[in-house]
Amino acid sequence: MNKLIKLILQYKEYKNCNEYSNEVIFEDIYIELEYLIKSYVCKVTINNRDDFNQDLLSILYRVLQVFELKNNIDYEKVNSIKITMIYNIDDIIKIYDNKYFNAFVSKYKLELYEFDFQNLNHIDLLFYEFNLFCNENQFIKYLNVSLKRKVYSFNSQYRKEQLNKPISLNIMINNEIEYIDLINDEIKSFHKFDESLLSKRDKKFLSLFFENDKILKGVEVANKLGVTQQAVSVRLKRIREKYFKMYKQIYDEVEM
């Protein structure tokens, strides 16, 4: 029950006294949260994901340092339950009357059937576990907010860097971003770039991908034009093939 928050408590307990144990516990915490971390890693471009995964691990580390356990128990209601001498969880739910407690019971109902509520120590244990449940959810919520901010900051900076490149065409096809450098000032052969390679229709089509300093996805351009995303992808493929053919010719000349 509440495995994650118990690992976090262990981690904090060993923080200043056993570095090796702390590293092992951190790994265990990461395993518990791997599904969440990976879901945010997937929100950046493929070529940046390895580094970004390390960035998110740093976020997890920082959140662990600052997170503190809070009390979420209404002890007046708990004392009322003890005095009433209730023997089953359903009656406890009615008296405690708390949506988070209901969620806790729903998640761990099978385990709670093993509790003996005639024993006051078991009632204390019940609400100790409930408090851990609340703190575990608060930790995940706090971590989620921190990860979202990091993703937003990273992607905003990345888009700015791409827009500041000399000339670049950023295309979204099948939810994968391909980056094609059109001009590299350091290579003289690129001065042979012939703007007439693109027709007016091609230029107008490509301009649809740029709107208010944002780069649109293929599906968004398709909606603008009232055509299918496949039609947009085919058109982009033809334009790219023109450039690949031209670059191959330039490369062959340089090699000669």
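Can you pick out the pairs among Lys38/Lys204; Lys70/Lys160; Lys43/Lys203; Lys141/Lys214; Lys38/Lys77; Lys6/Lys38 whose Cα atoms lie more than 32 Å from each other? Walk me through the numbers on the way to the answer.
Numbers: Lys38/Lys204 38 Å; Lys70/Lys160 40 Å; Lys43/Lys203 30 Å; Lys141/Lys214 30 Å; Lys38/Lys77 40 Å; Lys6/Lys38 22 Å.
Lys38/Lys204; Lys70/Lys160; Lys38/Lys77, as the Cα separations exceed 32 Å there.
Using Cα centres only, tell me the gap between the stretch 60-109 and the stretch 214-242 in whole Å.
Comparing the Cα centres of the stretch 60-109 and the stretch 214-242, I get a distance of 53 Å.
Taking neighbour counts of Cβ atoms within 10 Å as a proxy for exposure, in what order, fewest first, do Tyr113, Tyr142 appear?
Working: Tyr113 9, Tyr142 13.
Taking fewest neighbouring Cβ atoms as first place, the list is Tyr113, Tyr142.
If eta is 1.002 mPa s and T is 20 °C, what Stokes-Einstein diffusion coefficient results for the stretch 1-164, Kirkwood Rh from Cα pairs, in µm²/s? Write down the numbers at each step before the final one.
Values: Rh = 18.3 Å.
In µm²/s, the coefficient rounds to 117.
We did not get these values from a lab; they are worked out from the coordinates using the rules stated. Values in this document were obtained by computation on a predicted structure and should not be read as measured data. Here Cβ is always computed from backbone atoms with ideal geometry, including for glycine, and neighbour counts include all displayed protein chains.
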